[in-house]
Amino acid sequence: METSLCLPCISSTVSSPSSEDEKDKLHMAGLGEKVIEFPVLNVDAESFRETLYHSFPKLRLSGGYVMCKAKPNSAQLEPLSNLTYSSPAVLKERSGCCKTYLVPLQQDIDMSCMKSGSTSGGCGIPCLADPVYEYITSGKCSSIVVSSDDIPELAMRDTVEKLVAANCTEEIQAVFSEDIAISYLAECGYTQPISTLQWKMKDDIVSTLIDYHLILKVKACMDQFCEGLETLGVGSIVRKNPSVLRQFFVFNEVPIDADMLRSILTLVEGNGDVKLIEDLAYFNFNIFLDECDNGSGYPPQGFSRKCTISFLHDTTARLPTAATCNLELRLPTCHGEDYSQFRECMMLAIRGCEGFGPS
C-alpha cells in the first residue's frame, strides 16, 4: 500500500495543502489523498502508471506527472528520483513511509467537482458497442449479433472482411497464407488443418472468429462490468428499461465535417515573414479539411479542450506531427503553395498511423 496525494497545479511543487478547506476541495475534485494498493510491488512501469491513473483519472489529462515528497519538518515538496517511476518497489525504497505527492507536469488539473455516470448526475458512459449493451440487458451470448464493423482491431477486421468476400476455396486458402490470420484461427481452438479449408466452410470460420474474439474472449470482462452495475442497483433498472437507458451506455456516432473540426481548433501564429509561411500552410490545411469525407469518430465524451495548431519551420520536416497529451497538431511549412505535396504528406502521415501509437 502507498499513500498518495494528487495535487491540481504545476506550481504545487512548492508546498503541500495544509488547510482543511484545501483538502476538501481536492477530495471533491477526485484528487487529494488516497491509499493505493499494490498487491505486487515489482510491477513494470506501465502497470505502475496505469494504477495511478486509475486512482486519479483526471491526472491523465495533465501531460504527465512529477512524483514528490515533503522535505523533513516542512510543507515544501521536492521531486523524487526518476527511478521511482519504474515500480512501486523502488518508490517504497526511496520514499519510505512518506506520502507521495503527484504533481501535473504540463497542464493544471480541472478542479470542478468529480461526477461520473448517470447515477451521479453525469452524462453516463456512452461508449459501449451495441453487442455489449445487448449482453448487459439480456445476459445471453446467443442474443448478440456482431458484424465486422464491431471489430476494433484493424488486422482482425481485415481478415474477416477478406473471408466474407471470398468466392472460392482458393481465396479462402489465400487469406490463411498470412501468419496473423492463422494465429487468429488457432487462438479460437479451431482444429481443422489449414490445407483442408474449403469455401463451403466459410460461414463457420467467420462465425468462429467473431464469436471467440468479440464475445467469448471478453465475456469475463463483461460479466464483471454487469456485477459492478448491480452495486447501486443500476443493472436491474437497465434490464427493465433497455431502450430508455440505451443513450447513457451506447455510443451514437456523431458526424464530423470540416466546420465542426475547425470549431475545436486553436491557431498559434507567428509574426512577420514567419506568419506568411504559416498562413500558406494553414490555407492548404483548410483545403485538405474541405476535401475530406465526413467522418464519425467523435469521442464519446466529446473534446474536453481544443486542439492547438502550430507549425514546423524545419525545411526537412515534410510530414505533420502530433502530440496527444496536450492535443497539438504541427503542420509542415516547407511545401509553400504546392498543395499537392502538402496533401500527399498529410495522407502519408494519416495512413501510416493505425490508431494509438506512433504520431
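The values are calculated or read from the model by the stated rules, or taken from the named source; none is laboratory data. Since the structure is predicted, the reported quantities are computational estimates derived from the model, not experimental observations. Ideal geometry is used to build each Cβ from the backbone, glycine not excepted, and the neighbour counts take in all protein chains shown. Remember, those area values only see protein heavy atoms, side chains included, never the ligands or the DNA or RNA. Shrake-Rupley method; radii C 1.70, N 1.55, O 1.52, S 1.80 Å.
The table below lists the values:
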{"quantity": "ILE182 closer than 16 Å to SER147 by Cβ and among the β-branched types (Val, Ile, Thr)", "calculated": "no"}
{"quantity": "Index of the failed condition, LEU61 passing every other in (1) open to solvent by 70 Å² or more (accessible area, probe 1.4 Å); (2) in a loop (DSSP other than H, G, I, E, B); (3) within 19 Å of ALA29 (Cβ to Cβ)", "calculated": "(2)"}
{"quantity": "Identity of the residue in region 173-203, of a type in the set (Val, Ile, Thr) and more than 34 Å from the chain's Cα centre (by Cα), that ends up nearest to LEU154 (Cα to Cα)", "calculated": "ILE194"}
{"quantity": "When residues of region 330-348 are limited to those that are part of a helix (DSSP H, G or I) and of a type in the set (S, T, N, Q), the one most open to solvent (accessible area, probe 1.4 Å)", "calculated": "SER340"}
{"quantity": "Residue match in region 284-294 (condition: at pLDDT below 85, more than 27 Å from the chain's Cα centre (by Cα) and among the polar types (S, T, N, Q))", "calculated": "no"}
